[in-house]
Structure formats: structure tokens, C-alpha cells
1. Give me the percent relative contact order of the chain, please, defined on Cα pairs under 8 angstrom at least 6 residues apart.
2. Using the number of other C-beta atoms within 10 angstrom as an exposure proxy, rank Phe87, Phe55, Phe70 with the fewest first.
3. With the cut-off at 1.5 for a/c, could you classify the stretch 2-106 from its C-alpha gyration tensor as rounded, prolate or oblate?
4. When the Karplus curve 6.51 cos²θ - 1.76 cosθ + 1.60 is applied with θ = phi - 60°, which whole-Hz ³J(HN,Hα) does each residue of the stretch 136-147 get, with x for Gly and Pro?
5. Under 1.5 on a/c is rounded, so check that first for the chain, then, if it is not, pick prolate when a/b is larger than b/c and oblate when it is not; a ≥ b ≥ c are the square roots of the alpha carbon gyration tensor eigenvalues.
6. Mind listing the phi-derived Karplus ³J(HN,Hα) values for the stretch 76-87, rounded to whole Hz, using 6.51, -1.76 and 1.60 with θ = phi - 60°, and x for any glycine or proline?
7. Would you list Val48, Val158, Val164 from fewest to most Cβ contacts within 10 Å?
8. Excluding same-chain pairs closer than 8 in sequence, count the lysine pairs in the chain whose Cα atoms lie under 14 Å apart.
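Since every read-out is calculated from the coordinates, none of them should be taken as a lab result. Values in this document were obtained by computation on a predicted structure and should not be read as measured data. For neighbour counting, all protein chains shown are included, and Cβ atoms are generated from backbone atoms with ideal geometry for every residue, glycine included.
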Amino acid sequence: MRKKLLSAMQRHVAQLAANGSSLRNQGAAGVVAFARDFLEAVELGRFVRGDEQAFKSELDRVTEILCGGFPEKARNWGAARKVLNLFLRDCLYHSYLAEKYGLDRLREWLEVPLDSQVAEALLGESSGHALPVWPGIKHLTPSQSAQYQKAAVSAAEVLQVARVDLDLWYWRPRADSASVKRLDK
């Protein structure tokens, strides 16, 4: 029963990561459905074998496979990498999946999921001033992504978090977090 429960949890995380918001305007119908099915079936243990370079190689390989499965007019590397990074981040944050697959050891290697909001925030950081203009997720290349990820590492060091966690700061930021009322008081 435990295996079925973990499978249902992975399916749930896949459904949340690959949605109409994260994959909007990709150029063809069926992108979200394919991404969800793909992420639901991906073997999470494949990402925790070996060192950082092995992880990066596997991330690149799985990104290419996912991209190649998208409908023809929607085959763009940026969307595939974004949704895969969202999925892996959410699996890391999911205690049962993280424990089962040892995902905590990936925290420092995981990428921040890139989108226009994250890119805008990175461009505003001191580490982002030399970044190229954000091309949009549909036109993002592996080389451009690497440049943004390098800037994200520097920005994360300043905040003393892992790069993957930057999405928590950059996605729909609050003007004043201190103004949020605490419910436990």
C-alpha cells in the first residue's frame, strides 16, 4: 500500500507543478496533459544517483525527453525545464517524497524555476546586471538558462538559501511581508 500512496503523492505533485499557469501560451494544446503524465511517471530516484555533475546530466537528459514529447508546436526547452524544475522543487518540499528518494541531498543542486517574474527579480540583483535580456520561456536556451542560474546562485548566497528557494521570494512578492497578519496570535 505504501508504494501506491507514494505514487498518488507524486501524481498530486505533478498535477500541481504542470498546470495552465505554469505552462500557459506554449503554442499547442496538450502540453499540460503530457507534462502531467510524464512527471507522474518519472522515476525520482534517477536524480539522486551520483554527484552534482551526474545530477545535472540527468536533469538535462530528462528535460530533452520531456521537451521532445510535447506537441510539435510547443517543443521548447524553456517550458520543459521550467515545469521539471517546479516538479523537482515541489517533490523536495513534499516530506514523504523527499524522504523516500533522498531528495534533500539535491537541495543545493536544484535550479530555481525560471519565468518572467524570477528573471525580472534576478535582473534587479547585483549578480544579474550582466544577464542577457529575458527572452521569454518559449525562447529560453540552455546557455541563457545557465547564465540566469549562475546569477541565482549568487543571489541565493546573499539570502543564505538554496537557489531553488529563490522562487519563494521572487514569485508574486509582497510589497511588505511584515504587514501579513499572523493567524496564531
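1. 20
2. Least crowded to most crowded, the residues run Phe55, Phe70, Phe87.
3. In terms of gyration-tensor shape, oblate.
4. x, 4, 5, 10, 5, 9, x, 5, 5, 4, 4, 5
5. Cα axes put the chain in the rounded bin.
6. 10, 4, x, 5, 4, 5, 4, 5, 5, 5, 4, 4
7. So the ranking, lowest neighbour count to highest, is Val158, Val48, Val164.
8. 5
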